[in-house]
Each structure stands twice: as C-alpha cells, then as structure tokens.
1. Which percent of the accessible area of the range 1-86 is formed by carbon and sulfur heavy atoms (probe 1.4 angstrom)?
2. At 1.567 mPa s and 4 °C, plugging the Kirkwood radius over alpha-carbon pairs of the range 1-130 into Stokes-Einstein gives what diffusion coefficient in µm²/s?
3. Which residue, Gly126, Gly165, Gly39, tops the fluctuation ranking in a GNM of the chain built on C-alpha contacts under 10 Å?
4. At q = 0.12, 0.14, 0.17, 0.20 Å⁻¹, what is the base-10 log of I(q)/I(0) for the range 87-235 according to the Debye formula with one equal point scatterer per Cα and no solvent? Please give it to two decimals.
5. At 7 Å along the Cα-to-beta-carbon direction for both Met92 and Glu125, put a label point, then send me their distance in nm to one decimal.
6. I'd like the Kirkwood hydrodynamic radius of the range 1-49, using the inverse of the mean 1/r over distinct C-alpha pairs, in Å.
7. Output the antiparallel fraction of DSSP beta bridges having both residues in the chain, as a percent to the nearest 5.
8. Using 0.36 nm per residue, how much length does the chain from Arg226 to Gln75 gain when fully extended, once their Cα-Cα distance is taken away?
Amino acid sequence: MFDPLPSSSGHILVCGHRGHVVDGHENSRPAFRRAAELGASLCEIDLRMTRDGQLVVFHDDILDNASTGTGIISQLDYAQIAQFRTKARSGMPIEGQPIELFEDILAYCRDLGLGLIVEIKDKFEGTAYLEQVVRQLKDAQMFERVLISSFDYVVLRDIKSIAPGIRTMGINYHRLVEPAAAAHSASMDVMNTDYPQFAADIAEGLHAANVAVSHYVPPPEFFAIRRGYGVDYFEELGAYLRAGLIDMLVCDDVGWSVDFVTRCGLGVSRLS
C-alpha cells in the first residue's frame, strides 16, 4: 500500500520510468532490480497483448527497436516472442533479457518491494483486456501496490468501473485548461504532466481537487546544454518539490532522482 499524496508530509514517491533505464535496460529485471537498489518507490512498466492473449511487459507495439526480434506484438504468439531478447535503444552493449509475461514481472517486483505504474498502451474493444489485468494483479497480490496509467482516459474510467478500488493515473503531455475536471471525468487518483508543460497552478488545482500530482522529467543530461546557457530547470523543480506541489517524480535515472529529492530536504516515500 502507498500514500498517493505524500507531499503533505514532506515526502515524495520516486518512480523509475521503465525501471532504471540509463544503464541500457528497460522493462526488464535488471532495470527493476537496479531501481530498487537505488531507492525507487515504484517503477513504471508498459503492457502489450500478444496474438494468443498473453500480456507482456514491453513498450513498443513492434519488437524491432528494443529487442532482437521483428514484427508487431499483437500479430505474434508469446512462444515466438519468448525466443527474442531485449536490446538497448541507444546501442549500448547489454546482456539481453527475456520479454516477460506480466504475471512474472508482477511477482518479481512484489518480491523486490516495489510498487508499479502499469501503463496500458493497446487499443481494444470491450472489457476482457482490463478484466485480465485486474485478475492478474489480484492473483499476484499487487492490486493495492499499483497505479493503472494511460493516455486514454476512457480506459481509466472503464477499469474503475470494473474494479472500483483500483488507483489510476492519467498521463498528459499538455497544459490542460481544466486539469482537475479532466481528472474527475475519469475518476483518476493521480495526474502526470510531462516536462516542460508542468506549472505550479496545475499542481495547486489538482491538489485542491484531492488529485495527486506526478511529474515526468527527462534524465539530467538532457538539461546540461541549457544549464550552460544559464537556464536551470532544476532550480524550478526544486522549488516545486519544496513547496509540496509534486507527489511523484518520474525519471529514467533513479539514482539522480533519489539524490535530487534528498538534496531538496525531502524523504523518499516507501511502500508498506
């Protein structure tokens, strides 16, 4: 179980985006294990469904960019996909990992003590897909340690109707006119706003509506050139954190995130 609004007590959730990915691994055991070692509260993972109805943890709809395989996941059976191994998008040399079933990753992260943000990426009709997600969460005893996330707010609305106690997070690249209204339209518990659209008034409005605030930032090297020109987003980000405007910080680099939160005088929220 975790508190989705830890900012009220001077804490923040730290989430590894696809795990700790700056070492080249993503959505795989080394990425999750390293995130846990570095002090992450949660990891974000991505779901895809195979042709034979198996849920796998993989970001893209195609295998080509981040694995040794080729093809569209939804057009292949899991037995075919299981033959392939992951590869680093950057070309960094890594030991390739299996593309794993959702149920196996749930059990692995549970044993690591991690919570999860489970992003549903596929398009589908009906409720069978969501019912399968909920069933596997319950079977793995992870139902209370998970946020279901999506860019598709209808998915978030629908999974709440299937499993009213589940927590959800809407992902958003934009500065919405009425963020709280959008959150309430899907009964979401958390709303994420990516850099650079984040602003204090978004967080204040969400908190006033009792919706937790998540913020995704790129890894620190993204900002290096800008800092050389005197533009330092980290100063802004630190001010947001110290003001209690952010409940969860999401980044590819868990070590940097934990260190940054600590230097801001905040504690990293742990799951019980």
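The values are calculated or read from the model by the stated rules, or taken from the named source; none is laboratory data. All values reported here derive from a predicted model rather than from experimental measurement. Cβ coordinates were reconstructed from backbone atoms using ideal geometry, including for glycine residues, and neighbour counts include every protein chain displayed. Side chains are part of the model used for accessible areas, which takes the heavy atoms of the whole protein and leaves out ligands, DNA and RNA. Shrake-Rupley method; radii C 1.70, N 1.55, O 1.52, S 1.80 Å.
1. Percent of accessible area from carbon and sulfur atoms in the range 1-86: 47.
2. 85 µm²/s
3. Top of the fluctuation ranking is Gly126.
4. -0.64, -0.84, -1.09, -1.23
5. 4.2 nm
6. 11.5 Å
7. Beta bridges within the chain, antiparallel portion: roughly 15 percent.
8. Full extension from Arg226 to Gln75 adds 50.1 nm.
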